[in-house]
Amino acid sequence: MASAFTHSAVALALGTAFRDPSPPARYWLLGAACSVFPDIDAIGYYLGVPYESVLGHRGITHSLFFAALLAAAALSFFHQLPPRERRRLWLYFFLATCSHGLLDSITMGGGGIAFLAPFENSRYSFPWQIIEVSPLSVRRFFTARGVTILVSEFAWIWAPAALFAIGCISLRRARRRVRALRQNEELKLPANQGSLVE
């Protein structure tokens, strides 16, 4: 798997495609939480759940079905929003959750991802594994191996995610400037028309 730091970074970058990086904080916190929550299935290691089980690691909690359910649960914190905004938020939380399985499927370790669980428990991986696999133990992160993992994640995930976020923020600001210019032009138009009539 990728580290929790990296899963959260991807979720925050995705969030900029849906809104400006501004309050409320719960928007960003829930997006990050959705991106790391699928690893709750690691509890199965301690409970004796077989890895290949649908309830095992990289099983149902890494699936598209689970992502849809978790996105709906996260959306309950925004019940006061209009339907259109709620649909956009659901999509963000869904993509943030899905990003977890996608990142795990390109790591250099572990089995594939049960994207279609619970309907089908086959495990899928991308043909290229480019990210160093992260340990489940936080303690093992503070070693030379942990540094290697972070360097790998920075190169393959953090840098592209940062570029994506900068692009989304810049595009939104450019659109806002264009809208403001159009509104200013519309406000000036009646006065210009009046002077032509005179």
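Tabulated data
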| item | result |
| --- | --- |
| Filter pass, VAL54 being surrounded by 13 or more Cβ atoms within 10 Å (Cβ to Cβ), among the aliphatic types (A, V, I, L, M), out of contact with any helix residue (DSSP H, G or I) (no Cβ under 7 Å at 6 or more places or on another chain) and in a loop (DSSP other than H, G, I, E, B) | no |
| Those residues of the stretch 131-146 which are outside any loop (DSSP other than H, G, I, E, B) and modelled with pLDDT of 80 or more, in sequence order | ILE131 |
| Test: ALA96 is touching a Ser or Thr at 6+ places or on another chain (Cβ under 7 Å), hydrophobic (A, V, I, L, M, F, W, C), over 15 Å from ALA11 (Cβ atoms) and crowded, with 21+ Cβ neighbours inside 10 Å | no |
| Residues that are without any contact (Cβ under 8 Å) to a residue 24 or more places away in the chain and of a type outside the set (Asp, Glu), drawn from the stretch 28-52 | TRP28, LEU29, ILE40, ILE43, GLY44, TYR46, LEU47, GLY48, VAL49, PRO50 |
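Here's the yes/no breakdown for (1) surrounded by fewer than 22 Cβ atoms within 10 Å (Cβ to Cβ); (2) assigned to a helix (DSSP H, G or I); (3) in contact with an Asp or Glu (Cβ under 7 Å, 6 or more places away or on another chain):
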site: LEU75; (1), (2), (3): yes, yes, no
site: GLN80; (1), (2), (3): yes, no, no
site: TYR92; (1), (2), (3): no, yes, no
site: PRO118; (1), (2), (3): yes, no, no
site: GLN129; (1), (2), (3): yes, no, no
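The values are calculated or read from the model by the stated rules, or taken from the named source; none is laboratory data. From a predicted model like this one, the values you see are computed outputs, not experimental measurements. A quick note on method: Cβ atoms are made from the backbone with ideal geometry, for glycine too, and the neighbour counts reach across all protein chains shown.
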